[in-house]
Amino acid sequence: MSETQTFHDFGLHDTLLRAIAEMGYEKPTPIQVKAIPLVLAGSDVMGAAQTGTGKTASFGLPLLARLLSFANTSASPARHPVRALVLTPTRELADQVHENLSAYAKYTGLRTACVFGGVDIRTQEGQLRRGVEVVVATPGRLLDHVEQRNITLSQVQIVVLDEADRMLDMGFLPDISRILKLLPVARQSLMFSATFSPEIKKLAGNFLNNPKLVEVARENSTAKTITQKVYEVHDSEKVDALLEILDDEACEDAKNILVFVNSKISCRRLARTLEKYGIQSDAIHGDKTQEERLKTLDAFKKGEVKVLVATDVAARGLDIADLPVVINFDVPFNAEDYVHRIGRTGRAGSKGLAITLMCPGADEKNLVAIETLTKQHFSRNRLDVRARRRPGRGPRKVYTPPPVSPVSSDPFFDQPYEPSVPQPQEPVATPVKPTRGAKEEKKAPVAALLGGLIRR
């Protein structure tokens, strides 16, 4: 197929073409060019492409096209059974995929629903009971609905495992296996992800039937539109280094900046620190409720929050049109997470900047693993960091040990050693045991008071 083709060349229905035209889709991406015809033909597909290259449309558009014959306006839930299932590893990704699929299906009459944990299950229950053709779900919450009999999967014709490698890395394999056993054997299965390790490909043999492998870029590579930089800084200088970078012209003009850290506690602390320096920032991590996370993401997309500090919970599923800069405050422990982190920028052909702060020695091993995975070498640049004046306090001080005097100034320690003289101990008086008569004399008054008789 020619790279100059349009979406009309796929033979998609007018309702789908109208919807994607309103979304600004003009020319299909390489992954869409290769995957859409295969999915339309009913083949099982393994699609590997960099994050931000349009994987959702690669399976979403042909999936909806294959279900158009089942679209109807009936109010009966029986006329709207679940016919397509999309599984994702995180809530954010599920919400993002559902948002896209809903936009694609705007004029088709097909119903879509999204189910994930962290929110009231009763709201999702009502939607599922009314009937939907397409469900986007995280594995755990989907099984909750299955156990409560809110959903039936016996008529599913197409199943999609989006970011399949991440789902398996996060330990979802048992849940996925349970879900797949609930589906009809005769079905179309699709797996899409930015990375496919040999182990994942081996496991895919259990899910897919003679799949077609679609790869549009070197495996585990990063987008060429992203400029990647690595700066060496001491751990105590990382906050000041981040402030230096945010003051740079490239970041100063950016509407949104995403900063990744490795732990939830670092996420909260760094966001609070940036706020103290007058930088509009917020944090998103696993301890926040789904409602709080969606509210934070919405504020970030609107530009109300300039810097969003996040753990890897946000590495997948974030689709922000204008995200020019991604900063790795911490080098990720997993090399593949680096690909997904920086994949938040440089999307759909736009240019992006990815900056990583590394501590010499401590982060070297993880950075080498990233270089091995992405097949590239990073220059370690030294960033000159100036100590910042902390809000309400003086500038950060560097600890220097006090000078050691060669001569002791304490005369006590200059005196020669003199052994201590043992002091005589006073004899300890031995208590005298009272005689029998003494006891009786002592008890006599008590016995008399109690009305007893005194024996002589």
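Measuring nothing but alpha carbons in the range 7-215 and taking Rh as the Kirkwood radius, the Rg to Rh ratio lands at 0.93.
When the range 226-382 is described by a simple charge dipole with +1 on each Lys and Arg Cβ and -1 on each Asp and Glu Cβ, the residue from THR374, SER236, GLY278 located farthest towards its positive end is THR374. Remark: the range 123-133, residue by residue, has Karplus-estimated 3J(HN,Hα) of 5, 5, 4, x, 5, 5, 5, 7, x, 9, 8 Hz, where x stands for each Gly or Pro and the curve is 6.51 cos²θ - 1.76 cosθ + 1.60 at θ = phi - 60°.
Under the classification rounded if a/c is under 1.5, otherwise prolate if a/b is larger than b/c and oblate if not, where does the range 226-382 fall, given a ≥ b ≥ c as square roots of the Cα gyration tensor eigenvalues? Note, shape of the range 226-382 comes out rounded.
Other residues with beta-carbon under 13 Å from the beta-carbon of ILE176 carry, at +1 per Lys or Arg and -1 per Asp or Glu, a net charge of -2. In a fully extended conformation the segment linking ALA299 and VAL146 would gain 51.7 nm over its present Cα-Cα distance, using 0.36 nm per residue.
Readers should treat all values here as calculations from the given coordinates under stated rules, not as data from a laboratory. Nothing here was measured: the structure is a model prediction, and the numbers come from that model. A quick note on method: Cβ atoms are made from the backbone with ideal geometry, for glycine too, and the neighbour counts reach across all protein chains shown.
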